Amino acid sequence: MLAAERAKARVMAQRLLLRRFLASVISRKLPQGGWPPLTSGALQTPQCSLGGLTVIPSPARTIGTTKVHLTTFNIQDGPDFQDRVVNSETPVVVDFHAQWCGPCKILGPRLEKMVAKQHGKVVMAKVDIDDHTDLAIEYEVSAVPTVLAIKNGDVVDKFVGIKDEDQLEAFLKKLIG
């Protein structure tokens, strides 16, 4: 019964919040002469009609963007592994891990951070052994975490267990060459 009362209170709070938001949007007065045009002549200010009342959003703001280089990805299946790891022109660090593995939870973020510092010279593939048992068997993974260094489709280095940042950096430098 207590859970049902909490759910009802949460729904009521959400409705109240929505009412307050809509009231604040509807009660806004348009500036003298309407909203200023967007900077690009090709874009028009979108308008919505709420029961006969036209609501015009505030003008768009310029947002700076930076190029994001994805250095870590999760393997989806065998063909994905073949395509993104074995056939990769970039050296790949493959992290065989499991959700239930405590050391994996320590090593994973540490390894991701070290791979990101390499600025695209190496990428990292994450393979959950519970989801991809066939890959774990194929690459003779008998314990987790197991990390493989794959270059041109061949395993060139491997370690099992947790490593500190200096050891990870040496492992990556050896892979990059």
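The values are calculated or read from the model by the stated rules, or taken from the named source; none is laboratory data. Being a predicted model, the structure only gives us computed values, none of them experimental. Ideal geometry is used to build each Cβ from the backbone, glycine not excepted, and the neighbour counts take in all protein chains shown. Keep in mind that these areas ignore ligands, DNA and RNA; they rest on the heavy atoms of the full protein, side chains included. Shrake-Rupley method; radii C 1.70, N 1.55, O 1.52, S 1.80 Å.
Structure summary
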{"item": "Two-site FRET efficiency, Asp154 against Trp100, from Cβ-Cβ distance with R₀ of 22 Å, rounded to 0.05", "result": "0.15"}
{"item": "Solvent-accessible area per residue for the range 63-177 (1.4 angstrom probe, square angstrom)", "result": "57 Å²"}
{"item": "Cα-Cα pairs of the range 126-168 separated by more than 15 Å (percent)", "result": "46 percent"}
{"item": "Summed residue charge, Cβ within 10 Å of Lys163's Cβ, Lys/Arg positive, Asp/Glu negative", "result": "-3"}
{"item": "Spin-label pair Asn74/Glu112, simplified geometry with 7 Å Cα→Cβ offset, distance in nm", "result": "1.1 nm"}
{"item": "Carbon/sulfur fraction of accessible area - the range 135-175, other protein chains in place, 1.4 Å, %", "result": "45 percent"}
